[in-house]
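Remarks on the structure that follows.
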Amino acid sequence: MNHRERLLAVLEGRPPDRLPWIPRLDLWYNAAVLNETLPLHLAGLSLREIQRQMGAGWPALDGLIYRIEYDDVEIVERKDGWLTTTEYHTPVGMVREVRQHSAELAAHGLPSVLKEHVLQGPEDYSVWEWIVQRRRYIPTYAAFAAYATDVGAEGLPVVRVEGNPMYDFLEVLVGFQDAYYHLADYPDRVAHLLAVITEVQRERLWPLIAESPAQVVMNGFHLSSQMTPPRLFRQHILPYYQEVNAYLHEHGKWTVMHADDDLSCILDLVEEAGWDMLDCFVTAPMVPLTLAEARAAFGDRVILSGGLPAVLFLPEVPETQFRAYVEDIFRVIASGEAFVLAVADNVMPNSVIDRIAWVSEQVAQRGYPLAAAAY
């Protein structure tokens with residue numbers, strides 16, 4: 001089997017010839033290129049060539065099935081040093097967001113961070129609703145099909161689409177610093193905005209996804225025990241995902257949540273939400289949750305893609321400790337059902353990159369069901 005076939009086998013509940021192994025190396029690679037620290041034996045290679053040489057599959061997260069356009073909205077972007085201001089001008093008012101970049105972020109190939117969010121006060125809600133109602137989703141199916149062909153046997157394209165409006169509200173529209181104040185001070189405005197966004201998605205976005213050539217859809221991001229705790233999750237997040245995941249399943253899609261946060265307090269709700277797979281699933285020591293606890297909670301009903309916390313690749317972690325952790329992963333997942341081995345979330349700059357190749361060797365030697373250690 002190739003990498004694509006292994007991923008499809010796991011999604012379909014069939015045994016692969018060995019565990020799929022799909023680490024993300026973007027952050028490590030971008031920083032290494034920018035700082036000219038690529039190891040000599042990898043110099044001149046593209047990221048994809050490096051993953052291929054190391055025996056790992058391609059994450060294939062760059063395919064797009066739509067782009068967004070707006071009617072009657074003038075978008076003005078201005079740059080001032082490390083600041084980028086984006087203004088949305090409409091007949092009913094203007095809102096803006098400001099992003100802050102820095103030399104340190106640029107040196108590691110990292111994106112800017114939000115410094116000012118579009119919803120600053122109650123007067124901004126009606127403006128953003130007006131903008132959302134004039135949002136159009138334009139299919140880019142041909143471009144995605146070409147991308148999927150280019151990925152070929154090295155991976156299975158996963159398309160990232162808009163997810164739950166509440167999380168977008170928390171992270172992007174208001175920001176975690178102020179979102180819960182807005183929920184307390186303007187509950188009716190928040191509820192109305194979320195309803196408007198959901199209806200626009202239901203009418204315009206969901207059918208576009210359903211009709212697209214994409215097989216795997218990532219529509220959930222960064223939900224966590226701390227920022228989306230059980231009460232908020234049950235009220236504002238669970239109904240949305242139960243509806244959209246059921247809809248996409250009816251149209252033959254697999255759905256995925258990007259799960260690189262602590263899910264220890266919301267495991268049951270995550271399963272109720274109906275995702276097929278949890279991507280970049282992070283475990284201890286980066287969060288309190290262990291892989292054994294997650295497997296006990298989900299069984300083989302939810303596919304876990306992850307298991308290797310990114311911190312294990314840092315040079316501060318001794319090689320013996322790293323290898324022992326990998327061995328424990330193989331022990332916990334037992335036969336290997338409903339599991340994709342991956343790094344949660346991304347191999348970071350300054351990581352010991354040769355550990356990727358060592359994991360590839362272990363995965364190949366153990367086959368499926370998993371054999372005992374070969375060292």
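The values are calculated or read from the model by the stated rules, or taken from the named source; none is laboratory data. For clarity, every value in this text was computed on a predicted model and none was experimentally measured. A quick note on method: Cβ atoms are made from the backbone with ideal geometry, for glycine too, and the neighbour counts reach across all protein chains shown.
The single condition from (1) part of a loop (DSSP other than H, G, I, E, B); (2) more than 24 Å from residue 235 (Cα to Cα); (3) not hydrophobic (A, V, I, L, M, F, W, C) that residue 162 fails is (2). Checking the structure you have, find out if any residue of segment 191-211 is of a type in the set (Ser, Thr, Tyr), farther than 25 Å from residue 122 by Cα and not assigned by TED's automatic domain parsing to the domain that holds residue 128. Within segment 191-211, not a single residue is of a type in the set (Ser, Thr, Tyr), farther than 25 Å from residue 122 by Cα and not assigned by TED's automatic domain parsing to the domain that holds residue 128. Take the conditions (1) closer than 30 Å to residue 29 by Cα; (2) in contact (Cβ under 8 Å) with a residue 40 or more places away in the chain; residue 98 misses just one of them, which is (2). All of 43, 107, 103, 60 fail the test of being touching a Phe, Trp or Tyr at 6+ places or on another chain (Cβ under 9 Å), among the small types (Gly, Ala, Ser) and exposed (fewer than 15 other Cβ atoms within 10 Å of the Cβ), apart from 103.
Among the residues of segment 266-273, is any small (Gly, Ala, Ser), in contact with a strand residue (DSSP E or B) (Cβ under 8 Å, 6 or more places away or on another chain) and either in contact (Cβ under 8 Å) with a residue 24 or more places away in the chain or farther than 13 Å from residue 220 by Cβ (or both)? Yes. Among the residues of segment 77-110, those identified as under 28 Å from residue 219 (Cα atoms) and either part of a strand (DSSP E or B) or aromatic (Phe, Trp, Tyr) (or both) are 77, 84, 85, 86, 87, 88, 95, 96, 97, 98, 99, 100. When segment 26-40 is limited to residues that are in a loop (DSSP other than H, G, I, E, B) and in contact (Cβ under 8 Å) with a residue 40 or more places away in the chain, the one that is surrounded by the fewest Cβ atoms within 10 Å (Cβ to Cβ) turns out to be 39.
Of the candidates 292, 310, the single residue that is small (Gly, Ala, Ser) and farther than 24 Å from residue 13 by Cα is 310.
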